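Comments concern the structure below.
No value in this document is a laboratory result; all are computed from the given coordinates. A quick note: this is a predicted structure, and the numbers were derived from the prediction, not measured. A quick note on method: Cβ atoms are made from the backbone with ideal geometry, for glycine too, and the neighbour counts reach across all protein chains shown.
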Amino acid sequence: MADAPAARWCDISVRYPYADAPAVGPASLAVGRSERVLLVGASGSGKSTLLATLTGLIPHTIPAEVTGKVELRGEDVATRTPAQWSASVGQMFQNPEQTLCGMTVGDEVAFALENQALPADEIEARIGSALAQVGLSEDWRGRRTMQLSGGEKQLVALAALIAQQTPLLVVDEPTAHLAPAAATHLRRLLLDRPGDASVLIVDHRVDDLAGLVDRVVLIDADGHAMDGGSPRAFFRAHYDKLAALGIAIPPPAALDAALQAAGIVLAEATLTMEEAVAWLEALPTREKAAAQEIASTFAVAHQAGQSVQASTKVVAALEGASCAPLFGPTVLRDVSLTVRRGETIAIVGRNGAGKSTLAASLAGLLRLKAGRRIGPMGAISFQNPENQFLAGSVREEVRDAWLAAGADAASAEAKAEAMLAQWGLSELAAAHPFELSQGQKRRLSLAIITAGGRWPLLVLDEPTAGLDGAGRAALEAEIRSLAGAGHAVALVTHDLDFALASCARSVVVDDGGIAADGPSRTVLRDTALLERSGLAAPALLPLLHFLEEGRC
Amino acid sequence: MLSSIHPLAKLVACLVWLTASILIFSAPFQLAIIGSAIVALVFIEQRSPLLVLALMVPFALFGFGFLTTSVLFRQESDFALRMAGETPLGGEAFSAGIVLFLRAIACGLISAAFALTTDAGQFIKALMADWRLSPRIGYALFSAMQFVPDLAVEAQQIRLARAMRRGRPPRRIPGPLETASLIVPLLAYAIRRASRAAIAMEARGLDTGINRTVLGAPLLHRRDAAFIGIAFALLPLLWWISKF
């Protein structure tokens, strides 16, 4: 038992009731003691299902047919209830609402510790320490978790997890709704565990995770696990397979692959853009020129074009607006913002800055406390995709969206099928929307809102959260297509690389108003501004500096 | 002052007062209870008189039902009439109806005094810590308590999603048909939310069989004992005064 791995899945296969095929498996993998493992896979490949078998939540609490065996430190998981494993395994689910129990912040963090019957003094100390580590002050203790923004809920869920101090942490997309600076800080906090603590992390945003984990495991389309070895070797060795599976690839690994395709092999696979730039600089002179050309093409492909001209027709505008969330106090004052036809705008800012409130106000879905809004109503893709679903199946959702957009019954069916194929949802057409994985739900909500192109303004609230590489690519293409057709698209996002790639203009929300508004190529490269606003520069930035400085 | 009293001490006092209000069929006694509760809420606890009045509307309607029943259906109210005995407030039936009406108000005011001066979270924690309420039930109550305000937000999100489908902004206040159509989605949301909370609680170790710590549960103080003593002593005093 002393040498047994922290966790081991042996030929695990899970089939949900009434499902034709297993959701995952048969899969085998192990997480060693003090090992940090990154689990990657396309949306719907069964990653979350696999994690839920670890303490027996599946099948103990969530009914499913399970074959194979799961062990924790050499002990069969079935010998205890999921609750009894909570002192050994800290779990954070993909949706923070699945981790939080609906209490106040202080009660949420204390909950697992109270269940372990720890002394009150120790619980108090751990709450204080955990809140401080995730950057929340003591006065947050009395706030209700369900009234927090998506990112704030994620911070509380992380604080609750850190406070548990378990020897194994299992986290499913822990930073999907967090601003970049906070996400980077918390990833380091999670992965830099003391002693022989182990971490298993699932994430689609692997950019700065790759440098923090020991090993990568891939869940393929058939639900089988494949040990990918060290992250440095993984993305280079399996680039084609990952691309085919639609898995997100970090920009440095994508650049590495582009160079390799042209016959330029960097001395070592890269994990960060700084490393890639250092290797580019070290290339022999003849290769350097070719590499610069490839890097330049790569950089252009990862940046949106120029913003539209000021003479273009206005789609929506806020003038001196005071914006407040539903049933909440005013969070933004004296906001003036104009959106024109064909414009793509990224709305960025720290967690709780009021981005979603601004976006919903811009779409005309929230009444302003002061000031005025001009223009027809826009549509919004909610941060929680479930809020978008009204029908009984995936096919009905998309078909109804086309019918609402004015298509006749016959063409709506055909268009719905085409759209399902475009968003990779054809095989799930008969499923209920709530049965989908988080990434698949996100894709469906985006398909619904873009169906028929009836909206002059589309607001997408954190559309990349939970999306895999294929989903991001489809979204990026859809945004370009919508903008090309004259629609305005506003994107609330924490993913600054995505913002840079898909939005010509960026708005930074901070301190109760708009801190900056301008071309993304300027705003998203202003490191001082980004730092002040709790944001981190896009990963592409070192490459852009390298190309501009002409160091080749 | 009442807000600082231990919730369970307050609960015991309120239950005793409610029992007294139910058992003592006397209009002056009910008026004395009403007066005491108003003094406690409006003058000691500084609650808005309008709020207290608004809270009494359903109890007044309930009591009015008793009053009309007593006056119009004397045969059926025989027990109440016998209990009313003396009839200082006019006819026998009317007097009995008035007592029933006042009793509904008195019970409402006692309940309001408890609800308006007690933190629900602290009350549940006290029940778990002192009266051994099962954590499963306690945290189910916690979730339900936090869930109610979230229903309004969820309903609004559903209305927005529907409005977007239709292509026009939602009405400020939903009509009866729209309200009825929200029931099934909200019920589905409630079930989803409850199952997620259950999974979250299980994953975080609720009910492992060990005697769990309850953090932040209110502690009993001397002032709670004094409060219980005063509350108990006040009842016979009010009864005695009401006889004159």
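Calculated on the alpha-carbon coordinates, the convex hull of the stretch A:86-128 measures out at 75 cubic angstrom per residue.
For the protein assembly as shown, go through all pairs of different Cα atoms, get the mean of 1/r, take its inverse, and jot down that Kirkwood value in Å. Walk me through the numbers on the way to the answer.
Numbers: mean 1/r = 0.0338 Å⁻¹.
Computed over the protein assembly as shown, the radius equals 29.6 Å.
For the stretch A:74-162, the pair-distance distribution built from all alpha carbon pairs, in bins 10 Å wide starting at 0, is 17, 49, 27, 7, 0 percent. What is the Cα centroid distance between the stretch A:286-304 and the stretch A:93-132, reported in whole angstrom? When both Cα centres are located, 48 Å separates them. Both the radius of gyration and Dmax for the stretch A:351-446 are 15.7, 47 Å, in that order, over alpha-carbon atoms.
Cβ under 11 Å from A:V37's Cβ, A:V37 left aside: what net charge do those residues give with Lys, Arg +1 and Asp, Glu -1?
With Lys, Arg at +1 and Asp, Glu at -1, the neighbours total -1.
Where does each of A:178-190, A:429-441 land if you order them by average Cβ count within 10 Å, highest first? Could you put the intermediate results ahead of the total?
On the way: A:178-190: 20.8, A:429-441: 19.2.
Per-residue mean Cβ counts within 10 Å order the peptides as A:178-190, A:429-441.
So which residue, out of B:A200, B:A106, B:A226, gets the largest mean-square fluctuation from a GNM of chain B using Cα contacts under 10 Å as springs? In this elastic network of chain B, the residue with the biggest mean-square fluctuation among B:A200, B:A106, B:A226 is B:A200. With no solvent and one point per C-alpha, what does the Debye sum give as log10 I(q)/I(0) for the stretch B:6-58 at q = 0.16 Å⁻¹? Result of the Debye calculation: -0.57. Averaged over the residues of B:213-219, the number of partner chain Cβ atoms lying within 10 Å of the residue Cβ comes to 5. Evaluate the Kirkwood expression for the hydrodynamic radius of the stretch A:189-238, namely the inverse of the mean inverse distance over all pairs of different C-alpha atoms, and round to one decimal in Å. By the Kirkwood definition, the hydrodynamic radius is 12.0 Å.
Counts of other chain beta carbons within 10 angstrom of each beta carbon in peptide A:446-454 average 1. Backbone amide hydrogens, once placed in the peptide plane, bring A:A346 within less than 5 Å of A:L491, A:R505, A:S506, A:V507, excluding anything fewer than 5 places away on its chain.
How would you rank A:471-477, A:403-409, highest first, on the average number of other Cβ atoms within 10 Å across their residues? All intermediate terms of the calculation are to be shown ahead of the outcome.
On the way: A:471-477: 18.6, A:403-409: 14.7.
Highest-to-lowest ranking by the protection proxy: A:471-477, A:403-409.
Length available on full extension from B:S242 to B:S3: 0.36 nm per residue minus the Cα-Cα distance, which gives 83.2 nm.
In percent, what relative contact order does chain A have, based on Cα pairs under 8 Å that are 6 or more apart in sequence?
15 percent
With both partners inside the protein assembly as shown, how many of the DSSP beta bridges are antiparallel, as a percent to the nearest 5? Bridges in the protein assembly as shown are about 50 percent antiparallel.
Which of rounded, prolate or oblate describes chain B when judged by the alpha-carbon gyration tensor and an a/c cut-off of 1.5? Judged from the Cα gyration tensor, chain B comes out oblate (a/c at least 1.5, b/c at or above a/b).
At a Förster radius of 45 Å, what calculated FRET efficiency corresponds to the Cβ-Cβ distance of B:V184 and A:H545, to the nearest 0.05?
Details: r = 56 Å, r/R0 = 1.24.
Working from the Cβ atoms, E equals 0.20.
Prolate is the label for the stretch A:275-412. Its Cα gyration tensor axes, ordered a ≥ b ≥ c, give a/c of at least 1.5 and a/b above b/c.
For the stretch A:1-106, what is the Kirkwood hydrodynamic radius in Å, using each pair of distinct C-alpha atoms?
Numbers: mean 1/r = 0.0682 Å⁻¹.
Taking every pair of different Cα atoms in the stretch A:1-106, averaging 1/r and inverting gives 14.7 Å.
If you take the Cα centroid of the stretch A:421-497 and the Cα centroid of the stretch B:117-147, the two points sit 41 Å apart.
Please compute the contact order of the stretch B:126-244 in relative form: average sequence separation of alpha-carbon pairs under 8 Å and at least six residues apart, divided by the residue count, as a percent.
34 percent
Per residue of A:61-70, count partner chain C-beta atoms within 10 Å of its C-beta, then hand back the mean as an integer. It would help to have the intermediate numbers written out before the result.
Values: counts 6, 3, 0, 0, 0, 0, 0, 0, 0, 0.
Partner-chain Cβ atoms within 10 Å, mean over residues of A:61-70: 1.
Expressed as a whole number of Å, what is the distance separating the alpha-carbon centroids of the stretch B:199-242 and the stretch A:357-414? If we compute the Cα centre of each part, the gap is 49 Å. Amide H contacts of A:A516: A:V508, each under 5 Å away and 5 or more positions distant or on a separate chain (H built 1.01 Å from N in the peptide plane; Pro and chain starts excluded). For the stretch A:537-542, putting each phi into the Karplus relation 6.51 cos²θ - 1.76 cosθ + 1.60 with θ = phi - 60° gives couplings of 4, x, 4, 6, 3, x Hz, in residue order, rounded to whole numbers and with x for Gly and Pro.
Per-residue ellipticity at 222 nm from helix content only, as computed over chain B with -39500 (n - 2.57) for each DSSP H run of at least four residues, stands at -25000 deg cm²/dmol. Using θ = phi - 60° in the Karplus curve 6.51 cos²θ - 1.76 cosθ + 1.60, the 3J(HN,Hα) couplings for the stretch A:7-20 round to 8, 8, 9, 10, 6, 7, 9, 10, 10, 6, x, 6, 7, 6 Hz; x is entered for Gly and Pro.
Would you compute the Debye intensity of the stretch A:405-468 from its alpha-carbon atoms alone, equal scatterers and no solvent, and pass along log10 I(q)/I(0) at q = 0.26 Å⁻¹ to two decimals? Treating every Cα as an identical point scatterer, log10 I(q)/I(0) equals -1.23. Over the residues of chain A, the helix contribution to mean residue ellipticity at 222 nm works out to -11000 deg cm²/dmol, using -39500 (n - 2.57) for each DSSP H run of at least 4. Enumerate the amide H contacts of A:R36 below 5 Å, restricted to partners 5 or more residues apart or on another chain; note that Pro and chain-start residues carry no placed amide H. HN-HN under 5 Å from A:R36: A:V199, A:D214, A:R215. Which whole-number percentage describes the relative contact order of chain B, with Cα contacts under 8 Å and a sequence gap of 6 or more? It rounds to 31 percent for chain B.
Packing, taken as the mean count of other beta carbons within 10 Å per residue, orders the peptides B:62-71, B:37-46, A:249-258 from highest to lowest as A:249-258, B:62-71, B:37-46.
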